[in-house]
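Chemist: Can you keep this structure in mind? I'll have questions shortly.
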Amino acid sequence: MVMAVSRPGLAGEVVLVTGGAGYIGSHAVLALREAGAVPVVLDDLSTGVREAVPAGVAFEAGSTLDRGLVVAVLRRHAVTSVMHFAASLVVPESVARPLAYYRNNVAG
């Protein structure tokens, strides 16, 4: 017999929000908190601002390209999910530097 386990939405989930100090990421952080999740922000502040991360939300400074840092953050906070908003998005630059965009947006 298979028994279904119900879970109340995001309550208690620890969600790593990469790019959480940017416009979209910071709004995702607010929505996650409202839904009962525990957001953790990882951002290198290259385009985001530290002040966009609400008080009481764990903030980790660094790049998604730093594999050791990402693993440490995942373990330190017991992350259960990841939302990736640390992508580069300037179209003309992405055409001029496609490998840099691939590296950041896909590998990171």
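The values are calculated or read from the model by the stated rules, or taken from the named source; none is laboratory data. Note that the coordinates shown come from a computational prediction; the quantities given were computed from them, not determined experimentally. For neighbour counting, all protein chains shown are included, and Cβ atoms are generated from backbone atoms with ideal geometry for every residue, glycine included. Quick note on the areas: whole protein, heavy atoms, side chains included, nothing else; ligands and nucleic acids left out. Shrake-Rupley method; radii C 1.70, N 1.55, O 1.52, S 1.80 Å.
Chemist: Under the Karplus relation 6.51 cos²θ - 1.76 cosθ + 1.60, θ = phi - 60°, what is the ordered set of whole-Hz ³J(HN,Hα) values for region 72-87, x standing for Gly and Pro?
Modeler: Working through the residues one at a time gives 4, 5, 4, 6, 4, 9, 6, 5, 10, 8, 10, 10, 9, 10, 8, 9 Hz.
Chemist: To the nearest 10 degrees, how steeply does helix 23-34 sit against the main Cα axis of the chain, on a 0 to 90 scale?
Modeler: 10
Chemist: Would you pull out the residues with amide H under 5 Å of residue 17's amide H, same chain only if 5 or more places away, H placed 1.01 Å from N?
Modeler: 40, 41, 42, 83
Chemist: Related question: Residue separation times 0.36 nm, minus the C-alpha to C-alpha distance between residue 96 and residue 71: what's the value?
Modeler: Extra length available between residue 96 and residue 71 comes to 5.9 nm.
Chemist: Another question, if that's okay. Using the crude model of +1 on Lys and Arg Cβ and -1 on Asp and Glu Cβ, and no other charge, please compute the dipole size for the chain relative to its Cα centre, in debye to 20.
Modeler: It comes to approximately 240 debye.
Chemist: Also: Please work out the average accessible area per residue across the chain, using the 1.4 Å probe convention, and give it in Å².
Modeler: Computed with neighbouring chains in place, this is 64 Å² per residue.
Chemist: Could you give me the ³J(HN,Hα) list for region 98-108, computed from phi with Karplus coefficients 6.51, -1.76, 1.60 and θ = phi - 60°, whole Hz, x at Gly and Pro?
Modeler: Coupling constants for region 98-108: x, 5, 5, 5, 4, 4, 6, 7, 10, 5, x Hz.
Chemist: Can you compute 3J(HN,Hα) from phi for each residue in region 41-47, using the Karplus curve 6.51 cos²θ - 1.76 cosθ + 1.60 with θ = phi - 60°, rounded to whole Hz and x for Gly and Pro?
Modeler: 9, 10, 8, 8, 6, 6, 10
Chemist: Follow-up question, since we're still on this one. When the helix-only estimate is applied to the chain (DSSP H runs of n ≥ 4, each -39,500 (n - 2.57), divided by the residue count), what is the mean residue ellipticity at 222 nm, nearest 500 deg cm²/dmol?
Modeler: -8500 deg cm²/dmol
Chemist: Then there's this: Give me the net charge for the shell around residue 16: Cβ to Cβ below 12 angstrom, other residues only, Lys and Arg +1, Asp and Glu -1.
Modeler: Local charge sum for residue 16: -1.
Chemist: Okay, moving on. Taking 0.36 nm per residue of sequence separation and subtracting the Cα-Cα distance, how much length would be gained by fully extending the chain between residue 55 and residue 35, in nm to one decimal?
Modeler: Fully extending the segment from residue 55 to residue 35 adds 5.5 nm.
Chemist: In whole percent, and with a 1.4 Å probe on the protein chains, what portion of the accessible area of region 49-107 is carbon and sulfur?
Modeler: 61
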